[in-house]
Amino acid sequence: MSKIKVSELFYSIQGEGRFMGVPSVFLRTFGCNFTCGGFGMPRGELSQERIKIAALDGFSPYSNYKELPLVSTGCDSFAAWDPAFKHLSPMLDTNTIADSICEMLPFKEWRDEHLVITGGEPLLGWQRAYPDLIEHPKMSGLNEITFETNGTQPLTDEFTKYLKTWNQRQYPHGPGGEITFSVSPKLPCSGEKWKDAICTDIVRSYENIGYAYLKFVVATEEDAQDALKATAEYRAAGFKGPVYLMPVGGTSDSYFMNNRSVAELAMKNGLRYSARLQVDLWKNNWGT
């Protein structure tokens, strides 16, 4: 039986991208290869918010995610990868995860709900565990899976073979877009280096398995130009999926400062716009 270090497991609606508004179970795994400290900061500067939260922790650690404050700059899911908060992410076996998922589904079984595997970076260290979870008897009826990834992690040969087999079993008469890769490559505004973040061949390989699209987090015209530059590189590698721009915003104040301007940038550049409904509806609180 496999185990996964789980940061959050909750039922909500998908707030971003292709399946916006779809009722979904979110499995947030622990661990990431990036820190994205530049979001919401002047270019070249990194946020200190999560570091201050960790420092305040002291001898009285937070006992769960909902006690953590939100951040308006840097990565808004910082506790899913920062070692200072790893005690909040238990290592759970796939039986426990499947049981918990069924308990939170409105009818205690999969119907039209979607499974979103997110992070952190969900393809970093847990690929070998996902088949055990997906094949669990309580996961029968699941027909749609999205991996929310930064697009830097290649799929193992074993996991690739499994996903293709699952696709064929679920949709024997042809692809139905049932496995989706929501790829959010990190632009310079994130604080990450271009050479580390823009991995065109890896993202192109996802299209051999399922539906893939790009979702760039931006705030300014300069960010949008970076997104266009990155898109050109992905297209040159053969990537065919759609491209979204999505506003920076870990809190409702920061989100509403730039969501309209990002929508206008998307229109200006012929790209799709993605809102963040979790901010609109629940102010991006943990577990939403």
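What residues of region 62-90 lie in the reach of a label at Lys3, counting those whose backbone N is under 14 Å from a point 7 Å from the Cα along Cα→Cβ? It comes to 87, 89-90, nothing else. Taking amide H as placed 1.01 Å from N in the peptide plane, the amide H of Ser24 sits under 5 Å from that of Ser12, Ile13, Gln14, His114, each at least 5 places away or on another chain. Rg over Rh for region 137-288 works out to 1.00, using Cα positions for both radii and the Kirkwood form for Rh.
Cysteine residues of the chain whose Cβ has no partner cysteine Cβ closer than 4.7 Å: Cys32, Cys102, Cys189, Cys199. In sequence order, region 12-17 has phi-based couplings of 7, 10, 5, x, 9, x Hz under the Karplus curve 6.51 cos²θ - 1.76 cosθ + 1.60, θ = phi - 60°, and Gly or Pro positions carry x. Cross-link check: pairs Lys52/Lys186; Lys108/Lys164; Lys5/Lys268; Lys108/Lys193; Lys86/Lys193; Lys52/Lys268 evaluated at a Cα-Cα cut-off of 32 Å; pairs beyond the cut-off: Lys5/Lys268; Lys108/Lys193; Lys52/Lys268. Compute for region 203-288: radius of gyration divided by Kirkwood radius, i.e. Rg/Rh, restricted to C-alpha atoms, rounded to two decimals. That ratio equals 1.02. In order along region 30-45, the phi-based Karplus estimate (6.51 cos²θ - 1.76 cosθ + 1.60, θ = phi - 60°) of 3J(HN,Hα) comes to 8, x, 7, 8, 10, 10, 6, x, x, 4, x, 10, x, 4, x, 10 Hz; Gly and Pro are listed as x.
Here the Gaussian network model covers the chain, with springs between Cα atoms less than 10 Å apart; of Lys164, Lys86, Lys195, Lys195 fluctuates the most. Normalising the average separation of contacting C-alpha pairs (under 8 angstrom, six or more residues apart) by the number of residues puts the relative contact order of region 3-282 at 20 percent.
Taking each DSSP H run with n ≥ 4 as -39500 (n - 2.57) and averaging over every residue of the chain yields -9000 deg cm²/dmol at 222 nm. Taken one residue at a time, the phi angles of region 262-269 give Karplus couplings (6.51, -1.76, 1.60, θ = phi - 60°) of 5, 4, 5, 5, 4, 4, 4, 9 Hz. Gly and Pro are set to x.
Computed over region 4-51, the alpha-carbon pair-distance distribution with 10 angstrom bins reads 21, 29, 39, 10, each value a whole percent.
Quick note: the coordinates plus some simple rules give every number you see, no bench work behind them. All values reported here derive from a predicted model rather than from experimental measurement. We place every Cβ from the backbone using ideal geometry, glycine too, and count neighbours over all the protein chains shown.
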